Amino acid sequence: MEDLFQVGAIASTHGLRGEVKVYPTTDEPARFRKLKEVILDTEEEQLTLKVAHARLFKQMVILKFEGLNHIQEVEKYKGARLYVTRENALELREGEYYFADLAGLRAETEDGRLLGIVTDVLQTGANDVYVIEREQQKDLLIPAIKDCVKKIDIEGGRMVIHLLPGLLEANEGGAN
């Protein structure tokens, strides 16, 4: 299981006093208001930064880090990703999972037949869709609904899938 979760990426600076505009990659952008620290990843280094304050601005979050008070100190962080540790991550409700914990699960049918490996989660208007990568076949798209997903066993590394009638055919483009 991963211990770091991405919550955003720095898009640009904001003003002259060291604030940055962050594109949130979390379902709850308001979480930034309660955030005490983030891990900034520049791909060359990781820094733990204390959050001085945060506010929502249109689709973005304006963040100010403690000790970084000038635009010149934050310009170099454009494009850097922001993470939180598992203990600072939002608490999940029952039946919710972090994508980082779902990625890599074996997707199996109820009788134990391997369908493939969970590689992505697509967010649609109605429900999430799990992308199952299969060997030598098109990816399988499984709606994240109770009728299809019977069990998610993070510790066991598997997701048990009930294949609704026509689901395989729809994924192959054979359904009309």
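The values are calculated or read from the model by the stated rules, or taken from the named source; none is laboratory data. Treat the numbers as computed from the prediction; the structure is a model and nothing was measured. A quick note on method: Cβ atoms are made from the backbone with ideal geometry, for glycine too, and the neighbour counts reach across all protein chains shown. Note: accessible area is taken over every heavy atom of the protein model, side chains too, but ligands, DNA and RNA are not part of it. Shrake-Rupley method; radii C 1.70, N 1.55, O 1.52, S 1.80 Å.
Among the residues of region 10-35, those that are surrounded by fewer than 17 Cβ atoms within 10 Å (Cβ to Cβ) and part of a strand (DSSP E or B) comprise Ala11, Ser12, Tyr23.
What are the residues in region 1-36 that are β-branched (Val, Ile, Thr) and more than 15 Å from Val84 (Cβ to Cβ), if any? Matches in region 1-36: Thr13, Val20.
Please verify whether region 97-117 includes one or more residues that are in contact with a Phe, Trp or Tyr (Cβ under 8 Å, 6 or more places away or on another chain) and open to solvent by 30 Å² or more (accessible area, probe 1.4 Å).
Checked against the condition, which is being in contact with a Phe, Trp or Tyr (Cβ under 8 Å, 6 or more places away or on another chain) and open to solvent by 30 Å² or more (accessible area, probe 1.4 Å), region 97-117 yields at least one hit.
Test Thr42 against the criterion of being among the hydroxyl-bearing types (Ser, Thr, Tyr) and at pLDDT below 95, and give yes or no. Yes. Surrounded by 12 or more Cβ atoms within 10 Å (Cβ to Cβ) and closer than 26 Å to Gln123 by Cα, is that true of Leu68? When the stated conditions are applied, Leu68 does not pass them. Looking at region 52-98, which of the residues that are touching a strand residue (DSSP E or B) at 6+ places or on another chain (Cβ under 6 Å) and β-branched (Val, Ile, Thr) is farthest from Ile154 (Cα to Cα)? The qualifying residue farthest from Ile154 (Cα to Cα) is Ile71. Where helices (runs of 4 or more DSSP H) fall entirely within region 62-176, those with at least 3 residues that are in contact (Cβ under 8 Å) with a residue 40 or more places away in the chain and either of a type outside the set (S, T, N, Q) or outside the structural domain of Lys50 (by the TED database) (or both) are at 71-74, 99-102. Total residues in region 99-127 satisfying the condition of being modelled with pLDDT under 90 and not β-branched (Val, Ile, Thr): the figure is 8. Kindly establish whether Asn88 is modelled with pLDDT under 85, of a type outside the set (Lys, Arg) and farther than 30 Å from Arg31 by Cα. No: the conditions fail for Asn88.
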